[in-house]
1. Are there any strands (runs of 3 or more DSSP E) wholly within segment 316-378 with 2 or more residues that are under 22 Å from PRO101 (Cα atoms) and either modelled with pLDDT of 95 or more or touching a strand residue (DSSP E or B) at 6+ places or on another chain (Cβ under 6 Å) (or both), and if so which?
2. Considering (1) without any contact (Cβ under 8 Å) to a residue 60 or more places away in the chain; (2) closer than 30 Å to ASP291 by Cβ; (3) charged (D, E, K, R), say which one GLU409 fails and leave the rest.
3. Pairs needed: first member in segment 169-198, on the phi > 0 side of the Ramachandran plot; second member anywhere, in a loop (DSSP other than H, G, I, E, B); C-beta distance under 6 Å; at least 6 residues apart or different chains.
4. So the check is Cβ under 7 Å with 6+ separation or different chains; which pairs have a first residue in segment 377-391 that's more than 14 Å from ASN331 (Cα to Cα) and a second one that's surrounded by fewer than 20 Cβ atoms within 10 Å (Cβ to Cβ)?
5. Any residue in segment 233-258 that's at positive phi: show its pairings with residues that are of a type outside the set (Lys, Arg) and surrounded by 14 or more Cβ atoms within 10 Å (Cβ to Cβ) at Cβ separation under 9 Å, as long as the two are six or more apart or on different chains.
6. I need a count of the residues in segment 148-160 that are within 16 Å of the chain's Cα centre (by Cα), surrounded by fewer than 23 Cβ atoms within 10 Å (Cβ to Cβ) and of a type outside the set (Gly, Ala, Ser).
7. Among the listed residues ALA14, ALA58, identify the single one that is closer than 12 Å to LEU230 by Cα, hydrophobic (A, V, I, L, M, F, W, C), under 17 Å from the mean Cα position of the chain (by Cα) and not assigned by TED's automatic domain parsing to the domain that holds LYS352.
Amino acid sequence: MKIIIIGAGFSGLATANLLAARGIPRDDIIILEKNSKIGGLIQTHHHDGYVLESGPQAFRGTARNMHEFLKITGLLEKVVPSRSTVNIRYILHQGKLKKLPTGPLSALTTSVISFKSKLRILKEPFVKRWEDGEESVADFVRRRFGSGLDHLVDAFVTGVYGGNHEKLSLDHAFPQLRQLERMKGSVIRGGLHVARQAKKQRKRQDDDQKKTTKKKRKKQPFLYTFQKGLKQGIELLARNLDIQLNVTVTGIEFNEKNKMYKVTTNMGDHDVDNVVIAANPNSLGEIQLFDLNFDQKVPEARIASVYLGYNADAFPSPPKGYGFLIPSTENRFILGIQFISDIFPHLAPPRKVLLRCFIGGVRQPDRASLPNDELVNNSIDEVASLLSAKKDPEFTQVVRPIGGIPQIELGHGSVIKYKEILEQEYGIHVTGIGWTGISTDHLAGEAFKIVESIIQSHQASS
């Protein structure tokens with residue numbers, strides 16, 4: 001069985017590794033990548049002892065699909081976990097950094113949510129479920145919880161997508177929230193039900209583990225990276241795979257005579273049994289797919305990262321926690337800051353503080369392309385203002401991603417419909433950032449499903 005995977009980003013490499021883990025010979029898997037490097041949005045840079053990411057900062061350690069994937073591929077033994085302080089998060093509220101609530105009790109006492117808004121939240125279980133089609137994230141939260149959470153939702157969507165909560169589709173970007181509403185008629189009731197089920201599952205796992213090892217199941221760290229950054233994980237996944245770089249796929253068709261797919265490229269043609277498209281929807285415009293035409297562009301958010309490295313004594317006390325986000329109502333130059341050296345101390349030299357400032361996104365699209373010195377100077381000013389830095393950084397570096405974050409906005413259903421046509425009518429497997437999600441956990445989950453489908457189809461035809 002010959003398989004072509006189009007795209008050597010995380011999705012393509014994950015699918016290839018899971019296929020190999022299920023017994024498909026690696027020689028039967030070919031990965032075609034149009035760029036000169038693998039990894040897609042995951043790119044790592046090394047400067048003066050600092051480790052910098054241009055895309056995602058880490059993998060979710062607590063995410064089920066991602067954890068299982070790391071275990072199957074052997075990468076779980078090589079990851080570096082985040083510190084426990086990663087659970088401390090802040091938001092800029094009325095000009096001051098305030099801790100975000102981490103549970104029901106802190107939500108009741110936090111000053112980030114007004115007393116009136118807290119009372120409105122208590123009404124959520126009695127709000128009727130939505131039956132009228134698609135909603136934006138902003139409209140969904142306002143309908144169920146009131147407008148008092150706007151600033152939190154704005155900041156959250158900026159942190160995840162770099163996007164606009166007024167435009168992002170709740171049904172496609174965060175379908176789990178709609179599922180909670182449909183499950184119990186309420187997000188709160190649905191969330192409590194899921195939490196109870198998860199608690200029972202954890203107890204069963206603990207009981208099973210005690211029977212065999214007499215040890216309690218370890219709590220998973222929230223985030224994982226690698227000693228040399230995420231690109232090290234990508235390179236480990238790429239080992240022993242046939243990856244062909246600088247290859248542009250121009251067409252895919254099905255040959256009825258030999259019952260195989262013909263994949264046409266600038267470097268020659270391939271006849272294969274299965275095709276996996278593991279790429280951003282916007283990349284499909286370059287490929288003639290059968291007799292289909294797909295001309296819908298998915299908006300993308302470009303975010304520049306400004307890394308600042310300080311001596312620890314530049315701050316009254318070094319920043320601790322994950323970092324903070326900034327709602328648009330605060331009118332700041334940056335979108336937020338991650339405290340990299342507190343999340344992963346090994347990514348910075350000893351006794352140094354490494355901060356990652358995010359600039360641009362849907363909210364500030366023009367700022368992401370500003371000159372480096374302007375980005376750096378404005379970021380330094382923000383750190384001095386918000387974190388009380390008394391000295392300038394000793395290290396500065398601007399890192400720009402090779403692509404943007406796809407925005408799953410209202411109307412995204414037509415993109416998903418096209419994906420379904422390719423899968424159901426033409427037998428093509430489709431994954432990649434921007435189709436139905438953007439997180440590595442989501443993409444790992446899709447890779448599991450695709451591999452299972454290919455294996456089942458192969459067994460049925462054998």
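The values are calculated or read from the model by the stated rules, or taken from the named source; none is laboratory data. Source: prediction; values computed, not measured. Virtual Cβ from ideal backbone geometry, glycine too; neighbours counted across all protein chains shown.
1. Numbers: elements: 323-325, 336-339, 352-360.
Where strands (runs of 3 or more DSSP E) fall fully within segment 316-378 and carry at least 2 residues being under 22 Å from PRO101 (Cα atoms) and either modelled with pLDDT of 95 or more or touching a strand residue (DSSP E or B) at 6+ places or on another chain (Cβ under 6 Å) (or both), they are 323-325, 336-339.
2. (1)
3. The qualifying pairs are GLY185/ARG129.
4. ILE380/ASP392; LEU387/PHE315; SER388/PHE315; SER388/PRO316; ALA389/PHE315; LYS391/ASN311
5. Final answer for the pair search is ASN240/ALA20; ASN246/GLU33; ASN246/ASN35.
6. Residues flagged as within 16 Å of the chain's Cα centre (by Cα), surrounded by fewer than 23 Cβ atoms within 10 Å (Cβ to Cβ) and of a type outside the set (Gly, Ala, Ser) within segment 148-160 amount to 2.
7. Numbers: ALA14 fails: closer than 12 Å to LEU230 by Cα.
None of the others qualify; the one that does is ALA58.
To keep it simple, each residue is scored yes or no on (1) under 30 Å from ILE416 (Cα atoms); (2) surrounded by fewer than 16 Cβ atoms within 10 Å (Cβ to Cβ).
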residue: ARG302; (1), (2): yes, no
residue: TYR322; (1), (2): no, no
residue: ALA348; (1), (2): no, no
residue: CYS357; (1), (2): no, no
residue: GLY361; (1), (2): yes, no
residue: PRO371; (1), (2): no, yes
